[in-house]
Amino acid sequence: MSGRKRTQISVPETEDQVKRGVSLRQVLVRRCADGTELRGRVVETEAYLGGEDKASHSAGGKCTERNTAMFMKPGTIYVYPIYGIYLCMNVSSQGEGAAVLLRALEPLHGLPLMKQLRTARRREGARPLKDKELCNGPSKLCQALDIPRCFDRRDLASDPEVWLERDTQIGPQEPDLREVVSASRIGIDSHGEWATKPLRFYLRGHHCVSVVNKQAETQTRSLANNVISDFASSSVDVCDGDTGQS
């Protein structure tokens with residue numbers, strides 16, 4: 001990563017800080033074997049706090065072979081399978097066993113290859129995917145950016161194949177997007193009070209968000225200029241989006 005200017009960013013350390021501000025609008029970059037770069041702006045995340053968070057893989061401080069990455073330094077990639085065939089990508093954050101799930105991206109660069117990668121996993125004869133459907137879900141974005149299971153435990157701050165960059169501009173279709181909605185997480189209904197904790201964060205009105213929560217939107221105050229969930233809860237190095245990589 002020697003050719004990229006690196007910026008140190010600070011991320012929320014407590015549940016209260018996470019609720020008040022997690023940083024979306026980072027750009028996830030995936031460099032393929034042939035040098036092609038796939039890029040997507042993060043528009044939706046979920047926080048998993050570990051410890052008392054019963055919906056977290058690390059609930060109760062339990063460290064296993066599967067979730068070891070959640071206990072590694074902030075910025076460590078945690079990739080795990082669901083339903084035996086799909087993958088989800090998380091990034092460890094500050095706090096024992098804490099991590100952030102990447103739920104949705106806005107595709108920015110490399111869309112033809114993203115469509116090819118997504119289509120290869122769909123049934124024959126399925127309708128063509130719209131651009132907004134390429135990465136609007138945790139497993140979808142892993143398919144579209146070709147995130148393999150072997151990326152588990154890699155360091156997002158220094159890896160040559162996948163990294164985060166500072167976003168230098170707001171998407172052209174949403175120039176006024178500033179408000180971050182905090183809502184309950186998806187698919188954890190069996191985890192009691194933790195099922196309703198507002199630990200999912202997304203950009204209000206963004207067309208690539210996976211699930212819209214209208215009730216949460218009416219309760220969310222404008223968070224303009226707040227930095228929310230930068231995928232790690234201490235300091236993690238990411239790269240300025242205008243510098244590239246050598």
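Structural remarks
- By a 1.4 Å probe calculation restricted to protein chains, Lys214 has an accessible surface near 140 Å², given to the nearest 10.
- Short-range pairs are left out: with C-alpha atoms under 8 Å and at least six residues apart, the relative contact order of segment 77-120 is 23 percent.
- Most positive-pole-ward Cα, Leu203, Cys142, Leu164, against dipole of segment 113-212 from beta carbon charges: Cys142
- Percent of Cα-Cα distances greater than 17 Å, calculated over segment 72-125: 57
- Per atom type, segment 75-219 shows carbon and sulfur on 48% of its accessible surface, probed at 1.4 Å.
- Cβ crowding within 10 Å averaged over residues, with 102-113, 55-66 ranked highest first: 102-113, 55-66
- Remark: for residue pairs Lys54/Lys140; Lys73/Lys115; Lys73/Lys132, the C-alpha separation exceeds 28 Å in Lys73/Lys115; Lys73/Lys132.
- Given in Å, the Rg to one decimal and the Dmax to the nearest whole number for the Cα atoms of segment 49-104 are 10.5, 29.
- Solvent exposure of segment 45-192 as accessible area per residue, Å², 1.4 Å probe: 47
The values are calculated or read from the model by the stated rules, or taken from the named source; none is laboratory data. Please read these numbers as outputs of a predicted model, since none were measured by experiment. For neighbour counting, all protein chains shown are included, and Cβ atoms are generated from backbone atoms with ideal geometry for every residue, glycine included. Remember, those area values only see protein heavy atoms, side chains included, never the ligands or the DNA or RNA. Shrake-Rupley method; radii C 1.70, N 1.55, O 1.52, S 1.80 Å.
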